[in-house]
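> What follows is a structure written as structure tokens; I'll ask about it next.
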Amino acid sequence: MNPPFIPQRAMVIMAHPDDPEFFCGGLVALWAKNGTEIEYLLLTNGNKGSDDPDMTPDRLKAIRQQEQRAAADVLGVGNITFFDEPDGELTPSPALREQVVRQLRRFRPDAVISPDPTTFFWHNRINHTDHRAAGQIAADALFPAVGNRMYHPKLLAEGLEPHTVPHIFVAGTVQPDFFVDITDVFETKLEAILQHTSQIPDTEGLAERLKQWHTATDEYGRTVLREAYRHLQIG
Ligand SMILES: [Zn+2]
């Protein structure tokens, strides 16, 4: 079966608009095609993602929200929750964790995709500080806070009961153990990424770069396009 696991509800927790498409657009497209209800939770507003001297942080934030909505529509993702943390300054804190727990207890997903907080270096690059911070905030929310009554009692008063998310798919990891063949949805992933016009200076070479990045040999020796995750289970 591809993908090997299909949740009923999945939440994608990432740092920036465009992260979901780059990190996990293939798996999201496959899940959506199979009827999974999917929500995005984006922790920063992405307001530093430009080198254009005429761009302002406020304008960029608005543009990136529109681009993110368009990309989510391509993949079949429903609701998007935008937090407003400044780009480049995401820092794990109990307050931010509480906000993430609130969203998890509201939506009650059975799967979450979030970045690997331990990936400091990614191939020959430095992984963005916000990706690492988002990964840690998500992990700390997923265990033990979201499933524990003692954490964030304010949420109980709001009627948000504890909830355990049984499956976590960690993206952008150097220790993958869960592989998803995205060959059938590669074009959909590419089309979704291309909605992030403000972030892609070179659309020409993008398809080729993306293809190279995803090309791998599967367990039968076939060349496939795939995404790689680390699969964690709770409960
Ligand atoms: Zn990012």
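No value in this document is a laboratory result; all are computed from the given coordinates. In this text, all values refer to a predicted model and were calculated from it rather than measured experimentally. Ideal geometry is used to build each Cβ from the backbone, glycine not excepted, and the neighbour counts take in all protein chains shown.
> Return the long-range amide H neighbours of LEU194 (sequence gap of 5 or more, or a different chain), with a cut-off of under 5 Å between placed amide H atoms.
It is none; the list stays empty.
> Next question, about the same structure. Counting only complete DSSP H runs, which helices of the chain cover 18 Å or more along their long axis at the Cα atoms and score a mean Kyte-Doolittle of -1.0 or above?
Passing helices, by number: 19-33, 57-75, 94-107, 129-142.
> Give the percent of DSSP beta bridges with both residues in the chain that are antiparallel, rounded to the nearest 5.
40
> Hey, another quick one. Add -39500 (n - 2.57) for each DSSP H run of 4 or more in the chain, then divide by its residues: what number comes out at 222 nm, to the nearest 500 deg cm²/dmol?
-11500 deg cm²/dmol
> Could I ask something else about it? Pick out which of GLN136, GLN68, GLN99 has the largest mean-square fluctuation in a Gaussian network model of the chain, springs linking Cα atoms closer than 10 Å.
With Cα springs under 10 Å in the chain, the top fluctuation among GLN136, GLN68, GLN99 is at GLN99.
> Oh, and also: One quarter of the convex hull surface, Cα atoms only: what value does that give for region 6-47 in nm²?
Mean projected area of the Cα convex hull: 2.7 nm².
> So, with +1 on the Cβ of K and R and -1 on the Cβ of D and E, and no other charges, what is the size of the charge dipole of region 9-233 about its Cα centre, to the nearest 20 debye?
Charge dipole, region 9-233, about its Cα centre: 720 debye, nearest 20.
> Ranked highest first by the average count of other Cβ atoms within 10 Å around their residues, in what order do 172-179, 114-121, 219-226 fall?
Order by mean packing, descending: 114-121, 172-179, 219-226.
> For region 9-233, what is the Kirkwood hydrodynamic radius in Å, using each pair of distinct C-alpha atoms?
Taking the inverse mean of 1/r over all distinct Cα pairs, region 9-233 comes out at 17.9 Å.
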